[in-house]
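Here the structure comes first, spelled out in structure tokens, and everything after it is commentary.
Each reported figure results from applying straightforward, stated rules to the coordinates on display, with no laboratory input. Quantities reported herein were computed from a predicted structural model and do not represent experimental measurements. Virtual Cβ from ideal backbone geometry, glycine too; neighbours counted across all protein chains shown.
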Amino acid sequence: MQGGGQSRTKHGSGDGFSGRFTTPGRRRGRRAVVLGAAALCTAALTFSACSGDKPLLTTPDGKTISTSTTRIAEVNVVSPDRDYATTCLAPTAATDPRADVGRIVVTDPALLDDLCALGLGPKVTAVTSAPGSVPAYLGPQLSSVPAIGTTPDASAARTAAPDIVLTTPATAGSAQAFGGIKTVDVGTDDTWQKRFQAVADALGRSSEGTRLLTEFTDEATKTGKRMDAPHNQVSLVRFTKDSEVIAGTGTFAGQILQTIGVARPATQRGADSVTVTDKNFTDADGDLIYVSFEGDGGLAHGKEVLLSDRWLDMGAPTWKRVLSVDDEIWYGGSGLAAAWLVLNDVKGSLNSNS
């Protein structure tokens with residue numbers, strides 16, 4: 001918890017913590033050394049581990065291969081060497097092979113997670129969204145799928161040549177380019193589990209969809225019992241470019257932790273996320289804090305906060321119980337494939353230190 005009886009000077013203002021807190025004596029000196037080292041590390045190896053002088057890796061055509069980030073501002077990164085090629089599950093078979101589809105187009109990138117979990121990535125011929133919209137965590141099987149824009153032209157539609165178009169209410173307009181092709185709306189305003197089952201149903205894999213969801217729930221429950229999850233109060237904090245947000249139980253990550261049986265601090269048991277202010281700053285504390293960063297701006301702001309005295313005075317940082325997770329997977333993801341990645345992250349880190 002935050003220490004008392006020490007004078008602090010705040011630099012910066014606004015909602016959330018946007019400046020550093022300084023304390024007298026050895027603590028201030030130690031922070032200066034840490035900040036100086038972090039600055040040198042960042043300048044020398046942006047988005048890479050500050051350890052060793054490893055040469056840059058390149059592909060045969062000379063492009064640089066980025067190395068894994070293992071620590072961010074004194075915090076260990078969970079699953080830094082994750083292999084996205086293993087994200088998608090094994091292919092599932094249709095109940096009636098004679099009626100199985102061979103080519104699939106989706107109008108919403110979120111549906112790609114469902115197809116990844118069903119092992120049907122190779123059947124996807126296009127997604128009607130902007131280039132770069134396919135989540136990186138889905139790996140090479142789906143990152144190579146053509147993103148042909150929200151209003152694809154006739155040529156792109158002919159090249160995609162789908163047997164079925166899967167759509168959602170918000171993206172249904174993009175399906176018009178495939179006039180005459182079977183279109184199924186699998187969107188739901190309820191849960192990612194129901195959407196996944198709707199996709200499985202649409203592709204003749206109802207029983208497989210049910211089986212896969214049951215397998216995940218069973219494994220999550222077993223993991224929670226094995227790791228004594230109910231006795232770990234886990235905090236979830238996301239850094240944006242100018243604020244910190246305590247993620248509620250209604251977020252994707254919050255739902256997965258709930259399925260595992262992980263406890264949340266008393267101040268974090270609501271469904272909605274809460275923006276951190278000076279008054280509720282210590283609500284971000286817990287037995288363990290999982291932090292994540294929304295884009296480059298979130299990373300820059302998060303580093304500043306993670307190295308601040310006020311943050312380091314809280315319980316979890318003092319006990320070296322702060323870990324960094326992938327924001328795109330824990331919050332941007334919303335399907336069974338991402339759920340398995342979050343579960344595996346928790347398996348490998350719930351009892352770890354930074």
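Quick one: order 103, 158 by neighbouring beta-carbon count within 10 Å, fewest to most. Show your work: numbers first, answer last.
Working: 103 15, 158 11.
Going from least to most buried by this count: 158, 103.
Would you calculate the separation in nanometres between label points at residue 81 and residue 221, each defined as 7 Å from the Cα along the Cα-to-beta-carbon direction?
Between residue 81 and residue 221, the label points sit 3.4 nm apart.
Output the Kirkwood hydrodynamic radius of the range 209-354, Cα pairs only, in Å rounded to one decimal.
One over the average 1/r among Cα pairs gives 15.3 Å for the range 209-354.
Within a Cβ distance under 15 Å of residue 261, other residues only, what is the Lys/Arg minus Asp/Glu net charge?
Values: positive: 222, 225, 226, 264, 269, 347; negative: 218, 219, 228, 287.
It works out to a net charge of +2.
In terms of modelled amide H atoms, which long-range or inter-chain residues lie less than 5 Å from the amide H of residue 293?
Amide H neighbours of residue 293: 239, 327.
Cα-Cα over 32 Å: which of 225/279; 194/222; 222/303; 182/347; 222/279? Present the calculation step by step, with values, prior to reporting the outcome.
Values: 225/279 35 Å; 194/222 22 Å; 222/303 35 Å; 182/347 41 Å; 222/279 38 Å.
From the list (225/279; 194/222; 222/303; 182/347; 222/279), the Cα-Cα distance tops 32 Å for 225/279; 222/303; 182/347; 222/279.
So if I average 1/r over every pair of distinct C-alpha atoms in the range 189-256 and take the inverse, what Kirkwood radius in Å does that give? Before the final figure, lay out the partial values.
On the way: mean 1/r = 0.0692 Å⁻¹.
Result for the range 189-256 stands at 14.5 Å.
Return the Rg/Rh ratio of the range 97-204 with Cα-based radii and a Kirkwood Rh.
Details: Rg = 12.5 Å, Rh = 13.6 Å.
Result: Rg/Rh = 0.92.
If neighbour count is taken as other Cβ atoms inside 10 Å, put 227, 314 in order from fewest to most. Working shown, then result.
Numbers: 227 17, 314 21.
The most exposed by this proxy come first: 227, 314.
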